[in-house]
Amino acid sequence: MSTEPRPAARSTAELSALLQAVGRGDREAFARFYDATSSRVYGAVLRVLRDRGFSEECVQDVYLEVWQKAPTFSPEQGSPAAWLVTMAHRRAIDRVRSEQSRTDRESKYAMLDAAVGIHDTSDRFLDRRPVLDAMQELSGRQRECLFMAFFEGLTYAEAADRMGVPVSTMKSRIRSALAKMRVDPRVACLAE
């Protein structure tokens, strides 16, 4: 019978030492840290997510973050267990919010489809004339930015590079143009 403590019974000092070794890139220390803490992390995540599959993915993300952020861990700021469980809880909450956002988007699209009918929706999205007419109300710069982003399919960075402006300026111009377009009933649903 082994006298070595079970992984979950490791002390704060042992976990701190393992985490500091992980911070130096020690893979063996990472494996021992994982063995000692994974059941606690999984339990904390499962309580929030209530889904085993999502919880397993979230735990994997947590330990990837542990590997990346271990060099920043400082035992003076708290225990490794508290640091880890806080990280896991934040990840789980982020996952809940992400899933809720996805569900909200899908519901919005489903309501739009039900309100106008699938066929009508596709026809409206394919007809560029109302959009082009509404774009005539924009400044030349805004029009050019929207055209590059939506009709040419350029990324913000590509469009900004072509115009010789910072990416933040490009984003602002597009955001401002879309806000102006929201008031036009012909294209309001496209600008959201």
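If the chain linking residue 24 and residue 141 were pulled fully straight, counting 0.36 nm for each residue of separation and taking away their Cα-Cα distance, it would gain 37.1 nm.
Solvent-accessible surface (1.4 Å probe) assigned to residue 107 amounts to roughly 60 Å².
Stretching residue 175 away from residue 107 to a fully extended chain increases their span by 22.1 nm, per 0.36 nm per residue minus the current alpha-carbon distance. Set the Förster distance to 22 Å, then compute FRET efficiency between residue 157 and residue 94 from the Cβ-Cβ distance, nearest 0.05. Efficiency, rounded to the nearest 0.05: 0.30.
Estimated at the nearest 10 Å², the accessible area of residue 163 is 50 Å² with a 1.4 Å probe.
The values are calculated or read from the model by the stated rules, or taken from the named source; none is laboratory data. Note that this is a predicted model, so its numbers are computed, not measured. So basically every Cβ, Gly included, is an ideal-geometry build from the backbone, and we count neighbours across all protein chains shown. The area values use the complete protein model at the heavy-atom level, side chains included, leaving out ligands, DNA and RNA. Shrake-Rupley method; radii C 1.70, N 1.55, O 1.52, S 1.80 Å.
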